[in-house]
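A quick write-up on the structure given underneath.
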Amino acid sequence: MTEFELKNKVNELLHQGKKIEAIKLARESLNISLIEAKDLVMMAEAELKASGLYHPPAAAFRPNSSAFIFMIFGFIGVIFLITAVFFYWKDYKNTKNSIPVPGVVIRFQYQGNATSPVVEYQWNGNKRIYSGDVFSSPSAFIEGETVEMLVNADRPEIVVINQIAERYLLVIVFGFIGLIFTFIGGVGLKASGFF
């Protein structure tokens, strides 16, 4: 291969965005070191840039292992955020037609050291019992305490204690974890050159 043919082939590879292949070709054709071949290709690239006719294709992003891990973090974060939104929407749907009624904590359910309240309330003249499903230690309630219950007017079997922990605990937990994972994934991907 003549020097002219080599220069044209190197320029062609550079126009295609194949700089590594151009360095390899120069090294093999001229039997020179890697550093010399790289310098030669860099000079050819500088000449092309100076001519104003050099427009190689944009390099495609190829995720490395760290970028892949950050993608997974971001994906998990988005799933957690969607789950938080789902729980928020479910609470909204269950309580939008609710009527507040007073209830009294009559006893506790136990799960290890944690407790959940059992509340007695009146609905349509009948005594009803609600067993909470959010356990806490120490207890968030006191026996005999009066609490506000939200009873769904359309479906009275849907009842909840009108407190942040009882209504939004899952929203807060999933939302917080989702934000952390999404933030880590986004910062990591930006540092990896993804965007």
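The values are calculated or read from the model by the stated rules, or taken from the named source; none is laboratory data. Note that the structure is a prediction, hence the values are computed from the model and not measured. Every residue, glycine among them, receives a Cβ derived from its backbone with ideal geometry; neighbour counts consider all protein chains shown. With ligands, DNA and RNA removed, areas are computed over all heavy atoms of the protein, side chains included. Shrake-Rupley method; radii C 1.70, N 1.55, O 1.52, S 1.80 Å.
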Zone reached by a paramagnetic label modelled 7 Å from A50 Cα along Cα→Cβ, restricted to region 1-31 with backbone N below 14 Å, covers none
Per residue, the convex hull enclosing the alpha carbons of the chain has a volume in Å³ of 192 Å³
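What number, in percent, do you get for the relative contact order of region 114-162 if the mean sequence gap of Cα pairs under 8 Å and at least 6 apart is divided by its residue count?
Numbers: 59 pairs, mean separation 14.8, N = 49.
Here the relative contact order equals 30 percent.
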Length gained, F176-K7, 0.36 nm per residue minus C-alpha separation, equals 55.1 nm
Kirkwood Rh over alpha-carbon pairs of region 75-162 plugged into Stokes-Einstein at 10 °C, 1.306 mPa s gives a D in µm²/s of 111 µm²/s
Heavy-atom accessible area of the chain with neighbours in place, 1.4 angstrom probe: carbon+sulfur share in percent works out to 62 percent
If the label point sits 7 Å along Cα→Cβ of E157, residues of region 69-106 with amide N under 20 Å come out as 90-99
In the chain, helical segments from DSSP H whose Cα atoms cover 30 Å or more along their own axis and that average at least -1.0 on the Kyte-Doolittle scale are 65-95, 164-191
The extension gain from L169 to M43, computed as 0.36 nm times the residue separation minus the Cα-Cα distance, is 39.1 nm
Rounded to the nearest 0.05, FRET efficiency between V101 and F68 (Cβ-Cβ, R0 41 Å) equals 0.20
Computed, not fitted: 222 nm per-residue ellipticity of the chain from DSSP H runs ≥ 4 (each -39500 (n - 2.57)), nearest 500, equal to -18000 deg cm²/dmol
Listed by chain and number, the lysines with an alpha carbon less than 28 angstrom from that of K18, same-chain partners under 8 positions apart left out, are K7, K9, K38, K49, K190
Rounded to whole Å², per residue accessible area for region 95-195 with a 1.4 Å probe reads 60 Å²
